[in-house]
Amino acid sequence: MPFLSLLILLFFFSSLLSCSLSQPLRGVFIDCGATVPSLVDGRQWLPDADFTTAGTPKTLTLPVLYPILSTARSFPLDQNLRRKFCYVVPAYRTGKYLIRTTYFYGGINGRDSPPVFDQIVDGTFWGVVNTTEDYVKGAASYYEGVFVAQTKSISVCVAANTYTDSDPFVSALEIVALADSLYNSTDFGKFGLSLVARHSFGYNGAIIRYPDDIFDRFWEPFGENNSTISWGRDVSVSGFWNLPPLKIFQTELTTSQLGPMELQWPPTSLPSSTYYIALYFADDQDSSSGNSRVFNISINDVTYYHDLNVNPEGSVVFANQWPLTGLTKITMAPAPGSNIGPLINAGEVFDVLVLGGRTLTRDVIALEQVKKSFQNPPLDWNGDPCLPLQYTWTGVTCSEKPRIRVVTLNLTSMGLSGTLSPYLANFTAVTDIWLGNNSLSGDIPDLSRLKRLQTLHLEDNQLTGEIPTLLGNIDNLHELFLQGNNLTGQVPNNLIGKPGLNLKTSPGNQLLLPPHS
């Protein structure tokens, strides 16, 4: 078994907690498909037009339990398999964020059941969105993850996979700033966390969230157990680095017998993966009572923590990377000398996602500038251009790790208008640029820095001006198609008769050949 990081942390009141309690919830709350802002539960929800450039706003015709579920944005499935459509939200670089996506189908595609599709954060595949089971019950589905912003924005995307049978959609998107201390044992430069389950044990009320949880994490009730005992006293725990809400310590699962207590949790079968697990405990027994509550914890009969001594200050036991598959059994067994049975207050489990990486910043900036120069760029030109690799932008081909670079750009016959950005010259790893049969106008920029460029197709556009002489300095260039434009001037000497170059300048254009020497 690989080395597993196991720690028990007991903290007292901290300045971080006191500061956080005085601050309002900080984040961006997007009501997808809405056209006007709204105030719901004390927070401002924004319309989504400023965050995405694709999709169609939809208004549900059936009643909903929560106002933001009354609209959604759907994205076209037709001819868009493995094309991602993204919301791009400003963020602080290296900031840690809780990201929550909410889905309520409401029949917007005219089918009885909602589509199944993928969701993506930046260049990382987050998981499959399958809301069918919740929708049958009349409930919305939500997905929650913890990620660090690698740049000054975070992109959250949906994308059709091979199982998608109607338009992907999204109802709401929330991005909440988290304190640095939260989940800080995870290396967020390499990993993200995708929530599997978060429960308050022994609790049967509504979901615990903001303002009880200052970061609006959802703690679902988990009270269906014969060994449930609830207690409503004010507990004194505070200062956990994950800053759980005090309310989760007001109920517990325990047993009246001095013996082992078993808990099947999470309640669903898990795919084989590596998981982050955090279990929370606090005792209502004062040490002066003479009672001792010490127990051992195992997960699927593998020791997780030995001799946990639970006290009123509270404790959390966590594992950064713990392998799980199938159903999970947590066993808490009294240690020798203990005279009170075990208890548990709450738990969180996340799937540990290996980050997909990101495209080289230089190439991302260049593509963004090229996008701005087009009047009608492809609809999926948002988010990371190259990652995940099966979800690259339309017309973009990229190299694989370790350095993700743009190597070809093929937007032939895409109906593009606008101009050719000089930032095309920043794709220094590119070998082929095909932009033929569009309606692009303006000059041809200087592309002489593209030392690896082999083919340049700009034919059948509306380009004007002269052919840049510096194109002849690209040693590897062996195909240059410029016919069908409105170019003028003289064909550069270093292109005429260039060894190995297939040069096409006619029909079209008003070019002069250089005089014979």
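The values are calculated or read from the model by the stated rules, or taken from the named source; none is laboratory data. In this text, all values refer to a predicted model and were calculated from it rather than measured experimentally. For neighbour counting, all protein chains shown are included, and Cβ atoms are generated from backbone atoms with ideal geometry for every residue, glycine included. To get the accessible areas, we keep the full protein, side chains included, count just its heavy atoms, and leave off ligands, DNA and RNA. Shrake-Rupley method; radii C 1.70, N 1.55, O 1.52, S 1.80 Å.
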Collect the residues in segment 244-268 that are crowded, with 20+ Cβ neighbours inside 10 Å and assigned to a loop (DSSP other than H, G, I, E, B), keeping them in residue-number order.
-> Pro244, Thr255, Trp265, Pro266
In segment 455-484, how many residues are farther than 15 Å from Asn502 by Cβ and in a strand (DSSP E or B)?
-> 4
Return yes or no: is Ile208 buried (at least 17 other Cβ atoms within 10 Å of the Cβ), modelled with pLDDT of 95 or more and under 14 Å from the mean Cα position of the chain (by Cα)?
-> no
Only residues that are within 25 Å of Phe350 (Cβ to Cβ) and out of contact with any Cys (no Cβ under 8 Å at 6 or more places or on another chain): list them for segment 70-89, please.
-> Val88, Val89
Here are Leu173, Leu178: which of them is at pLDDT 95 or above, more than 20 Å from Gly33 (Cβ to Cβ) and not charged (D, E, K, R)?
-> Leu178
Residues located in segment 330-366, provided they are under 20 Å from Leu416 (Cβ atoms) and in contact with a strand residue (DSSP E or B) (Cβ under 7 Å, 6 or more places away or on another chain) = Asp363
Might you check whether a residue that is under 29 Å from the mean Cα position of the chain (by Cα), farther than 26 Å from Gly500 by Cα and not in a helix (DSSP H, G or I) occurs anywhere in segment 409-425?
-> yes
Residues being open to solvent by 60 Å² or more (accessible area, probe 1.4 Å) and at pLDDT 95 or above: count how many of those fall in segment 269-300.
-> 3
Of the conditions (1) closer than 23 Å to Lys152 by Cβ; (2) open to solvent by less than 10 Å² (accessible area, probe 1.4 Å); (3) among the basic types (Lys, Arg), Arg198 fails just one. Which one is it?
-> (1)
In this structure, is Arg217 at pLDDT 80 or above, assigned to a loop (DSSP other than H, G, I, E, B) and among the basic types (Lys, Arg)?
-> yes
Hey, Leu440 crowded, with 16+ Cβ neighbours inside 10 Å, assigned to a loop (DSSP other than H, G, I, E, B) and under 40 Å from the mean Cα position of the chain (by Cα) or not = no
Residue pairs within 9 Å by beta carbon, gap of at least six or interchain, first lying in segment 90-102 and without any contact (Cβ under 8 Å) to a residue 60 or more places away in the chain, second open to solvent by less than 20 Å² (accessible area, probe 1.4 Å) and of a type in the set (Gly, Ala, Ser), listed first then second, are Arg93/Ala149; Thr94/Ala149
Does any residue of segment 67-77 turn out to be assigned to a strand (DSSP E or B) and of a type outside the set (Gly, Ala, Ser)?
-> yes
Residue list for segment 321-355, restricted to those being assigned to a loop (DSSP other than H, G, I, E, B), surrounded by fewer than 22 Cβ atoms within 10 Å (Cβ to Cβ) and in contact (Cβ under 8 Å) with a residue 24 or more places away in the chain = Leu327, Ala335, Gly337, Ser338, Asn339, Ile340, Gly341, Leu355
If you check every pair at least six apart or on different chains, which have Cβ atoms under 6 Å apart with a residue in segment 297-320 that is part of a strand (DSSP E or B) and aromatic (Phe, Trp, Tyr) first and a residue that is open to solvent by 10 Å² or more (accessible area, probe 1.4 Å) and at pLDDT 95 or above second?
-> Tyr304/Ser298
Name the single residue, out of those in segment 457-497 being under 16 Å from Asn509 (Cα atoms), acidic (Asp, Glu) and within 43 Å of the chain's Cα centre (by Cα), that is least open to solvent (accessible area, probe 1.4 Å).
-> Glu459
Select from segment 416-431 the residues that are open to solvent by less than 50 Å² (accessible area, probe 1.4 Å) and within 19 Å of Pro377 (Cα to Cα) and list them in ascending order.
-> Leu416, Ser417, Gly418, Leu420, Ser421, Leu424, Ala425, Asn426, Phe427
When restricted to Leu98, Leu69, Leu77, the only residue of a type outside the set (Gly, Ala, Ser), within 24 Å of Ala179 (Cα to Cα) and surrounded by 17 or more Cβ atoms within 10 Å (Cβ to Cβ) is Leu98
Mind checking which pairs have a first residue in segment 256-277 that is within 20 Å of Gly192 (Cβ to Cβ) and a second that is open to solvent by 80 Å² or more (accessible area, probe 1.4 Å), Cβ under 8 Å, 6 or more apart or different chains?
-> Leu270/Thr325; Leu270/Leu327; Pro271/Thr325; Ser272/Thr325; Ser273/Thr325
Could you list, in sequence order, all residues of segment 52-69 that are touching a residue at least 60 places away in the same chain (Cβ under 8 Å), in contact with a strand residue (DSSP E or B) (Cβ under 6 Å, 6 or more places away or on another chain) and closer than 26 Å to Tyr210 by Cα?
-> Ile68
